[in-house]
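Just below is one structure, and these are the notes that go with it.
A short reminder: the numbers here are calculations on the coordinates, not readings from a lab. These numbers come from a predicted model, not from an experiment. Neighbour counts are summed over all protein chains in view; Cβ atoms, including those assigned to glycine, are modelled from backbone coordinates with ideal geometry.
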Amino acid sequence: MFNYLLILHLLGAAIWTGGHLILALVVLPKVLSSRNLDALLQFEQQFEKIGMPALGIQIITGLWMAYRILPDMSAWFTFDNDISILIGMKLILLLMTAMVAIHARFWVIPKLSADNLNGFAVNILLVTLFAVSFVVVGTLFRTGL
Ligand code: HEM
């Protein structure tokens, strides 16, 4: 059972983190130099359809695996052993991802234009940084801190 959760978790990670790396490293630089928003909005619109379900799968499988590894959920927040620190870090990354995404969705995107692209670029870079950090923290469950 754990192995199936891990397979879904890794597929979700490939989509979520891979998609954000393509956005940050391929789409964003082009949009910043051309100041043409269309490519960015088109990518966002298409990626949302697969990216949001992938993030949902990450959250469900991640919480499920965390529960299998450490069934006492109050111990998730004690930060006094490797597993508790790693689960806590995953949850903090999730909170930060949600905060940046909500900020982008309700404050940045409604006012988005060619003149204020830089703020949106910072949002994209932050979510990408968090996405890569999710992967790095994930690998530490096996190797230890
Ligand atoms: C976009 C979000 C996430 C990404 C990209 C991600 C990515 C990864 C990766 C790459 C691994 C390594 C798996 C391996 O060792 O083979 C992993 C492991 C793990 N992740 Fe996540 N993760 C995400 C969200 C979460 C969340 C929200 C939780 C909830 C606490 C979580 C809990 C875990 C756990 C418990 C493991 C260890 C599984 C094992 O024993 O190998 N993850 N994650």
Could you list, in sequence order, all residues of region 16-56 that are near the ligand (Cβ under 9 Å from one of its atoms) and of a type in the set (A, V, I, L, M)? Ala54, Leu55
Looking only at region 123-131, decide whether some residue is within 12 Å of the ligand (Cβ to nearest atom), touching a residue at least 60 places away in the same chain (Cβ under 8 Å) and among the aromatic types (Phe, Trp, Tyr). no
For residues that are under 22 Å from the mean Cα position of the chain (by Cα) and within 10 Å of the ligand (Cβ to nearest atom), scanning just region 70-91, find the one that is farthest from Leu11 (Cα to Cα). Trp76
